[in-house]
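Some notes on the structure that comes next.
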Amino acid sequence: MLEYDMLLLRFGEISLKGRNRSRFEKVAHKHVKALLYPYPRAEIIKEYGRIYIALNGEPMAPIIAAMKNVFGVTSISPIKVAPSRLEDILRIAVDFVEQMKVAPGTRFKVSSRRVWKPFPHSTQEMNKLVSTPILNACPELKVDVHDPELDLRVEIREQGTYLFCEVIPGAGGFPLGTNGKAMLLLSGGIDSPVAGWSALRRGLEIECVHFHSYPFTSKKAEQKVIDLATVLAQFAGSIKMHLVPFTEIQTKLAQSGQENLIITLMRRSMLRIATKLAERNGALALVTGDSLGQVASQTLSSMNAIGRVTDLPLLRPLVMTDKVDIIAMAQQIGTYDLSILPYEDCCTLFVPKSPATNPNLHVLENVERSMEDLDQMISKAVEDTETIVIRPGRRIVRRESAEDQVVQENWF
Amino acid sequence: MIYFDHAATTPPYEDVAKTVAEVMVRHYGNPSSLHRLGEESAKLLDKAREVSAAALKVRPREIVFTGGATESNNLAIKGAALHYAGRGKHLITTSTEHPSVLESVKQMAVWGWEATILPVDEDGCVTAEQVREALRPDTVLVSVMHVNNETGTVQPVEEIGRLLKAAAPRVLFHVDGVQGFGKLPISLADSGIDLYSLSAHKLRGPKGVGLLYVREGLQLAPLLAGGGQEGGYRSGTENIPYIVAFSKALRLAAEGREARSTKLLRLRERLTRGLAELPELTVNSPAQGAPHIVHFSYPGMKAEALLHMLEEDGFFVSTRSACSSKRSEPSRVLLAMGKSKEVASSGIRISLGDEHEERDIDALLAALRQSVKRLQALR
């Protein structure tokens, strides 16, 4: 196996951002630094539009895996470093390609870049100088400068020459939080954590809002949502989570006599509460896991009836995504196994036999008007909301007072 | 009374027994129940899994609790073979494995599986090279024990694991770690081991509980189908008191490993030196064996005779492995090592544990000298 010395992280859209670029790069740099914390010998070298990581003996595979979580990074390349002397470059380049063990007939090309101008050979010369001994050593390669399968990059710098060809896709998107803040409506399902990840990836800072119907729902259900947010916190660094007591409102709505509309009514109240929480916390949008047509409350007609209660932009990253693709994303992110735990949450608790797929806006408004204290209850729910901060790797267990003694350390 | 049969089973830590009692009384809830009592049991199960995973330096979700190492070995071999039958129908193991491995391998023959049983050298060892030569394109699994339960022979499992990962990365590697854990270092993370069996009662935990490490990404066909506990690999209501107590024993075994090895090695050397002074006896354990097992023979003498004489003096020892000792045939393991029938029928196993000191070894040696002298007349 070829021993690599460095990693190259490339940024995509950030570099289009003109004057914001340096701010964006600073955020990405901070994110990289945080993720490299377990690898103290790894060293970050910043450059225009890219970041280099000198491994200095730290393991490459787990660092690449970690760097795939850095939003804004479009691709990653492992690099072999040669001293910037022609004979060394040639020797290591031949070795590099030989160790790739490419299939016969692979289309091949060398692309040199002379960053260090005092180097005595021009880019054109270098392409020839490097490819000649490689082709001698690996005669099965076929030169193709237009459509190469193996493009060996040779970047000549004063401190060393970087050789690389592999390009591993990164997470893409924008660095953390560089596009403002939004509230994520986080249920215990499969979709909303994926929506949250998509928002993070696109540079949104998110705060989670979760509605619970304690004591109708169990502590397990709440723990599950906290655990889901903890997974998101691995990407975000830390995440605020607002736990909204929804039991009273839910009970009130259930008594309205409009069984088919209850989900729609609940969603409307949830959006009202989330909007108030957004105002309090300086967020400018709401993010939901809605996927068009997936369930009754996600038909176009339901979305229309529900979305009207808020003035904030409603961001639905998954609105046009199929369920199978959402599941694949959830598995990738690491939320799927948690999401499928079978605890009831407030949305699954009182599911009507036939929820309305085409709710009538007038009926909804009339029902809500008939409940004089609904606004008050919404304000109270906002007042009674508990906020916790979730950090990766630190398990938060709430409502523990009665259970402190469950896990007795001396038993283990 | 001095107990020298730790390879058969170990006296549980007092704290472990206390844990079993306390948890059994207080947390009888079913971890699958939705109420608080069930939740609490589920929490204990989670914690036990975390503690066990930390002791093995693996991820909690890679731990499957079982009813003991026999079950773990059965699940590893049959579960992997059945699930990966599409890859081929060939298994590799060694001739000195524990019966729960060998019999599982033999059982697979019923479903058309072939097995290569590797012979061992005079020390009871196989080499990585032997494993490589036995590999076939349809090999699904290799199973090699870490430490032999009868002689203390140490197999080069880490070397075999690395060889397999390099030469045949799709071939699964199971290690029966029952006699090795807590005595010898083992690194599951970087030695190519996919499946690893442990038993609680060999580590001063309770009987009736064990575990199987299943490397993440692997699938097994369950032997026990049902409610889907233990990730679907092992249905049946979890035995919370035993599992919690097991995790404690496992943690203690891992934490005290180095100090324990050093001490046991010192005792073993003292014992081996003493045995060498008795010309009637031949030591069968290799010099490089595990620190807690010394196996010797008294050729020409039925092993039981010596065993019972020692018992009269208050020393509990064993004739070969406990699972086979009720049979009177010569030891399969010793025969496989090329020992004569005479040597193989007269074996005595001394296995050491935490409570032993130098004076216990000296007392045992004194009793041995006496017994050998008395038995001399019968030979």
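Each reported figure results from applying straightforward, stated rules to the coordinates on display, with no laboratory input. These numbers come from a predicted model, not from an experiment. Note: ideal-geometry Cβ built from the backbone for every residue, glycine included; neighbour counts use all protein chains shown.
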Treat the count of other C-beta atoms within 10 Å as a stand-in for reagent exposure and order A:Arg369, B:Arg349 from fewest to most. A:Arg369, B:Arg349
Sort the range B:1-117 into rounded, prolate or oblate with this rule: let a ≥ b ≥ c be the square roots of the eigenvalues of the Cα gyration tensor; rounded if a/c is under 1.5, and if a/c is not under 1.5, prolate when a/b is larger than b/c, oblate otherwise. oblate
If every Lys and Arg gets +1 and every Asp and Glu gets -1 at its Cβ, then about the Cα centre the protein assembly as shown yields a dipole, in debye to the nearest 20, of 1220 debye
GNM of chain B, Cα pairs under 10 angstrom: of B:Ala109, B:Ala69, B:Ala48, the biggest fluctuation goes to B:Ala109
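Name the shape class, rounded, prolate or oblate, that the alpha-carbon gyration tensor gives for the range A:192-350, where a ≥ b ≥ c are the square roots of its eigenvalues, rounded holds for a/c under 1.5, and otherwise prolate holds if a/b is larger than b/c and oblate otherwise.
Values: a/c = 1.35, a/b = 1.26, b/c = 1.07.
Cα axes put the range A:192-350 in the rounded bin.
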Would you grab the residues whose amide H sits under 5 Å from the one on B:Ser346? Only those 5+ places off in sequence or on another chain, please, with H modelled 1.01 Å from N. B:Tyr298
Scattering from the C-alpha atoms of the range A:6-169 alone, worked out with Debye: what is log10 I(q)/I(0) at q = 0.14 1/Å? -0.78
In the range B:145-303, if every C-alpha pair distance is counted and binned at 10 Å from zero, what percent goes to each bin? 10, 30, 32, 20, 8, 1
Relative to the first principal axis of the alpha-carbon coordinates of chain B, what is the inclination of helix B:257-276, with its axis defined by its Cα atoms, in degrees from 0 to 90 and to the nearest 10? 30 degrees
Projecting each Cα onto the charge dipole of the protein assembly as shown (Lys/Arg +1, Asp/Glu -1 at the beta carbon, about the Cα centre), which of A:Ser187, B:Asn74, B:Leu163 comes out farthest on the positive side? A:Ser187
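Tell me what the protein assembly as shown gives for mean residue ellipticity at 222 nm when only DSSP H runs of n ≥ 4 count, each as -39,500 (n - 2.57), the sum divided by the residue total, rounded to 500 deg cm²/dmol.
Values: 27 runs with 303 residues, N = 791.
Taking each H run of at least 4 residues, the total per residue is -11500 deg cm²/dmol.
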Using only the Cα atoms of the range B:92-234, what semi-axes does the equivalent ellipsoid have when each is the square root of 5 times a gyration tensor eigenvalue? Give whole Å, largest first. 22, 20, 16
Between B:Phe173 and residues 5 or more places away or on another chain, the pairs with built amide H atoms under 5 Å apart involve B:Val142, B:Asp194, B:Leu195
Would you mind telling me which residue in A:Ala54, A:Ala381, A:Ala137 has the biggest mean-square fluctuation in a Gaussian network model of chain A, where springs connect alpha carbons within a distance under 10 angstrom? A:Ala137
What's the magnitude of the charge dipole for the range B:108-209 around its Cα centre, counting Lys and Arg as +1 and Asp and Glu as -1 at the beta-carbon? Answer in Debye, nearest 20. 500 debye
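Going by a ≥ b ≥ c, the root eigenvalues of the Cα gyration tensor, does the range A:170-267 fall in the rounded group (a/c under 1.5), the prolate group (a/b larger than b/c) or the oblate group?
Because a/c hits 1.5 or more and a/b exceeds b/c, the range A:170-267 counts as prolate.
Note the per residue figure in Å³ for the convex hull of the C-alpha positions in the range B:257-376.
On the way: hull volume 12.7 nm³, N = 120.
Value for the range B:257-376: 106 Å³ per residue.
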Restricted to Cα positions, what overall size does chain A have along the principal axes? Three whole-Å values, descending. 84, 56, 41
Unit charges at the beta carbon, dipole of the range A:154-252: most positive-side option, A:Gly196, A:Gly177, A:Ser218: A:Ser218
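Over the Cα atoms of the protein assembly as shown, compute the convex hull volume and normalise it per residue, giving Å³. Write down the numbers at each step before the final one.
Numbers: hull volume 160.8 nm³, N = 791.
Per residue, the Cα convex hull of the protein assembly as shown comes to 203 Å³.
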Using θ = phi - 60° and the Karplus form 6.51 cos²θ - 1.76 cosθ + 1.60, what ³J(HN,Hα) does each residue of the range A:104-117 get, whole Hz, x for Gly and Pro? x, x, 5, 6, 9, 7, 10, 10, 9, 9, 9, 6, 9, 4
Quick shape summary for the range B:1-47, equivalent ellipsoid via Cα gyration tensor, semi-axes whole Å in descending order, reads 32, 11, 7
Among A:Gly72, A:Gly289, B:Gly124, the residue whose Cα sits farthest towards the positive end of the charge dipole of the protein assembly as shown (+1 at Cβ of Lys and Arg, -1 at Cβ of Asp and Glu, taken about the Cα centre) is A:Gly72
GNM flexibility winner over chain B from B:Glu39, B:Glu133, B:Glu97 (Cα, springs under 10 Å): B:Glu133
So what's the convex hull volume per residue for the Cα atoms of chain B, in Å³? 129 Å³
